[in-house]
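Novice: Shown below is the structure under consideration.
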Amino acid sequence: MEKILKNLNEAQKEAVKTIDGPLLILAGAGSGKTKTITSRLAYLLKNGIDPANTLTLTFTNKAAKEMRDRALSMIGNTIYPPLLCTFHKFGLLFLKFYIDRLNRSNSFVIIDTDDKKRVLKSFEPDIPISLIANEISKYKNSLIEPDIAIQKAHLPNFKKIAVFYKKYQEYLKEKNLVDFDDLLVLTYKILDEDENLCKEISQRYQYIMIDEYQDTNELQHLLIKKLCSTHNNICVVGDEDQSIYGWRGANIKNILEFHKQFPNTKIIKLEKNYRSTKNILNAANSLISYNKNRLGKKLEATLEDGEPIKIYKSQDEKEETAKIAKRVKELLDRGVDPKDIAVLFRINALSRSLEEGLSKAKIPYKLVGAMRFYERAEIKDIISYLRVIANPHDDFSLKRVINKPRRGLGKVTIEKIEKEAFKKKKPILTYLLDASENELISLIGKKNYKTIKEFLENLDYLKTLANESLYKFADELENLFGLREYYSSLPDGMERVLNIDEFYGVFRDFIKQNPKSQLDDFLNELSLQSDQDQIDQNSISIMSIHASKGLEFKYLFVIGLEEGFFPLTSEGSDIEEERRLGYVAITRAKKELVLSYAKSRFHRGSRANLVKSRFLKEAGLCKGSLNLEKSTSFKKGDLVKHRLFGIGRVTGVSKVGKEFKLSINFAGQKRDILASFVEKL
């Protein structure tokens, strides 16, 4: 017992020793969260709690393994280890025992995301597969059955998606397959429909702990309520200030309203930070204090003041990357281990200038949790169009784009064309241009011929334009083929469109710098980008802020601190979640932190003048002309409640003086109401 409590501070000890009743441990960044939760599990077992009566859930296999190893090292040998796993692993174990309650065999097979897309592709939809897969996942996590989805869908595309959802579910049942979402959906369904079993399972797991509670979604919350239906011995650990996954379904209300869901909740705050210097924590505390939706805690430094936070101000992204590369080189020359250095960004499109600048400076890097800019599907598509126009013999590029965006040319049609071109010993494009109308109609049919004819005419027009005016070329490529529109319909459409805009910006910039250049000059320049595939060891890390959560670095750079980039201020973005991202970014730094902004960047495909981020001022790091706005957590689409007018949906948000005004539709009656007079549902 002494070993378990030995290295804990007072708040951690209190959390470990609180066994009965609901417990909310608010664990600030770097406050020893994992140590506390594993010590608490060890403490339970050392006090004679049967390991079989405990259940500890987390989000990743890596976290589950680390926690299991730590807990077992404290308690030594046990008859059998406690159940400590991810939500989905728990669902799998549960279904192996109880899926027969749904008249299904427990010999089911789990399919992954790629398998799911292959199944959907077999239905030959005319809607992007990723969009269908994403919507089906949303339906499942909202516990909406296919027939209800079909009934409620009004827009034609969503009606189609709901029908595909039904076909998909029938296919899974027929083949006895289970997808990732089903692991939780079917588990909840069984517990919800079988009261006696629900009671039995709840009595089995008398002591439940949930890690990273701020990341739970509505379905996970409902499942947890089922598991606690006979008792209130639930301990959740999390940090509302690090809730950054709203876009994928995480519901911050689960942690903010935990004490309402579970009466008599004891709240313990872990506020001592063992990671960052005092200067870094002061900035993090100052920034997050501007958020309204929080339970409130303040990180306390256990380390010295440390270096002041540095602000890099640059004219553009090239100068920004040059400054960062120079400082990184200094650190590496000083003997700093590359794995202690990282550069973070809010938007993936910003990695392009960073990758190019680091390659130019010969600084080895690894891009964590994302593809390199020029390897992304949407960028490869545009480059393939450029290559086909510059080189009609490039069959590989032509095959990539002949049906992208979708223009109704099936796999069989493309194979027929390719086979005929091979027979005639011609490149595909040459064959299509040389073949007569009758020949092509007899090969692929009238409808496909018309599609191919239009495609060839568009390519020919672009080839002429490329020789006359490369500057107009990018706009016409987009007008004719609509890649931005195609990719904007996908679940991660906003990110992809930003990447496309970034690429068009690079293209235009190249033309400005090289007014006499040809299309193949630009393509050759791209080909010369340094290939870093062989680099893995001894590399600095570059990544999005989302990918950095849970990591820490001695030397940290955060780029792109401008309004519109960080915080992201497009429609649908949530300023409070953006601020939490800022808090997460700052608290990744242990020793030195550099925050960087540029006066101009490519934005929406052209160069734009930018204003430095409000976060720099909110973090107490600079003065200046930036006016701080009272923040609002309301966004278009939110359901709200007014004292007099009842429940309505937000249709618009605007600024009035120091307040926010919401346009709200109350059952057909549209009213403008100040944000402070309504409550979000």
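The values are calculated or read from the model by the stated rules, or taken from the named source; none is laboratory data. Here the structure is a predicted model, which is why all the values come from computation and not from measurement. Cβ: placed from backbone, ideal geometry, glycine included. Neighbour counts: every protein chain shown. All accessible areas refer to the heavy atoms of the entire protein, side chains included, with ligands and DNA or RNA removed. Shrake-Rupley method; radii C 1.70, N 1.55, O 1.52, S 1.80 Å.
Novice: Hey, which lysines would be in cross-link range of Lys424, C-alpha to C-alpha under 18 Å, not counting anything within fewer than 8 residues on its own chain?
Specialist: List returned: Lys399, Lys416.
Novice: Top to bottom by accessible area (1.4 Å), largest first, where do Thr430, Thr38 land?
Specialist: Thr430, Thr38
Novice: Over the stretch 1-49, with every protein chain in place, what whole percent of the accessible area is carbon and sulfur at 1.4 Å, could you tell me?
Specialist: Taking all protein chains in place, the stretch 1-49 shows 44 percent carbon and sulfur surface.
Novice: Leaving out ligands and nucleic acids, note down the accessible area per residue over the stretch 181-253 with a 1.4 angstrom probe, in whole Å².
Specialist: 34 Å²
Novice: Tell me which residues come under 5 Å, amide H to amide H, from Ile647 once H is placed; ignore anything under 5 positions away on its chain.
Specialist: Residues meeting the amide H criterion: His642.
Novice: While we're on this one: Accessible area per residue, 1.4 Å probe, Å², for the stretch 300-431: what's the number?
Specialist: That works out to 49 Å² for each residue.
Novice: So who's got an amide H within less than 5 Å of the one on Phe660, skipping anything under 5 residues away but keeping other chains? H placed 1.01 Å off N, in plane.
Specialist: Residues meeting the criterion, in which the H sits 1.01 Å from N, are Ala675, Ser676.
Novice: Right, something else. Which pairs break 29 Å Cα to Cα here: Lys313/Lys591; Lys138/Lys225; Lys166/Lys404; Lys159/Lys463; Lys318/Lys380; Lys590/Lys661?
Specialist: The pairs that break the limit, which is 29 Å between Cα atoms, are Lys159/Lys463; Lys590/Lys661.
Novice: Zone of Ser600 (label point 7 Å along Cα→Cβ, backbone N under 19 Å): which residues in the stretch 302-333?
Specialist: The answer is 313-323, whose backbone nitrogens lie closer than 19 Å to the label point.
Novice: Given 0.36 nm per residue, what is the gain on full extension from Leu143 to Asn264 after removing their alpha carbon distance, in nm?
Specialist: Here the segment from Leu143 to Asn264 would lengthen by 40.6 nm.
Novice: Before rounding to the nearest 500, sum -39500 (n - 2.57) across all DSSP H runs of length at least 4 in the chain and divide by the residue total; then give [θ] at 222 nm in deg cm²/dmol.
Specialist: -14000 deg cm²/dmol
Novice: Between Lys623 and Lys680, what is the label-to-label distance in nm when each label sits 7 Å out along the Cα-to-Cβ direction?
Specialist: Roughly 3.3 nm, to one decimal.
Novice: Among the listed pairs Lys323/Lys366; Lys549/Lys617; Lys272/Lys366; Lys272/Lys292, which have their C-alpha atoms separated by more than 28 angstrom in this model?
Specialist: In this structure, Lys272/Lys366 exceed 28 Å between Cα atoms.
Novice: Taking amide H positions as placed 1.01 Å from N in the peptide plane, with prolines and chain starts having none, which residues 5 or more places from Met209, or on another chain, fall under 5 Å of its amide H?
Specialist: Under 5 Å from the amide H of Met209 lie the amide H atoms of Leu55, Thr56, Leu57, Cys235, each far enough along the sequence or on another chain.
Novice: Please report, as a whole percent, how much of the solvent-accessible surface of the stretch 201-353 comes from carbon and sulfur atoms (probe radius 1.4 Å).
Specialist: Carbon and sulfur atoms account for 45 percent of the accessible area of the stretch 201-353.
Novice: Pop a pseudo-label 7 angstrom from the Cα along the beta-carbon direction at both Lys425 and Lys278 and give the gap in nm to one decimal.
Specialist: Roughly 8.2 nm, to one decimal.
Novice: Shifting gears a bit: Could you go through the stretch 317-324 in sequence order and give the Karplus-derived ³J(HN,Hα) for each residue, using 6.51 cos²θ - 1.76 cosθ + 1.60 with θ = phi - 60°, rounded to whole Hz, and x for Gly and Pro?
Specialist: 5, 5, 5, 4, 5, 4, 5, 5
Novice: Between Lys512 and Lys167, what FRET efficiency follows from the Cβ-Cβ distance if R0 is 51 Å, with the result rounded to 0.05?
Specialist: Efficiency, from the Cβ-Cβ distance: 0.50.
Novice: Which FRET efficiency, nearest 0.05, do Lys554 and Leu197 yield, Cβ-Cβ r, R0 60 Å?
Specialist: 0.75
Novice: How much of the accessible area of the stretch 379-465, probe 1.4 Å, is carbon plus sulfur, in whole percent?
Specialist: Summing carbon and sulfur atoms, their accessible area is 52 percent of the total for the stretch 379-465.
Novice: Say R0 is 60 Å: what FRET efficiency, to the nearest 0.05, do Leu480 and Met1 get from their beta-carbon distance?
Specialist: Computed FRET efficiency for Leu480 and Met1 comes out at 0.25.
Novice: I would also like to ask the following. Give a residue-ordered list of calculated ³J(HN,Hα) values for the stretch 160-174 (Karplus: 6.51 cos²θ - 1.76 cosθ + 1.60, θ = phi - 60°; whole Hz; x for Gly, Pro).
Specialist: Per residue, the Karplus-derived 3J(HN,Hα) values read 4, 4, 4, 5, 4, 4, 4, 4, 4, 5, 5, 4, 4, 5, 4 Hz.
Novice: State the Cα centre-to-centre distance between the stretch 28-103 and the stretch 162-241 in whole Å.
Specialist: 16 Å
Novice: Through the Karplus equation 6.51 cos²θ - 1.76 cosθ + 1.60, θ set to phi - 60°, convert the phi angles of the stretch 513-525 into ³J(HN,Hα) values in whole Hz; use x for Gly and Pro.
Specialist: Once rounded to whole Hz, the list reads 6, 10, x, 9, 6, 10, 4, 5, 5, 5, 5, 5, 4.
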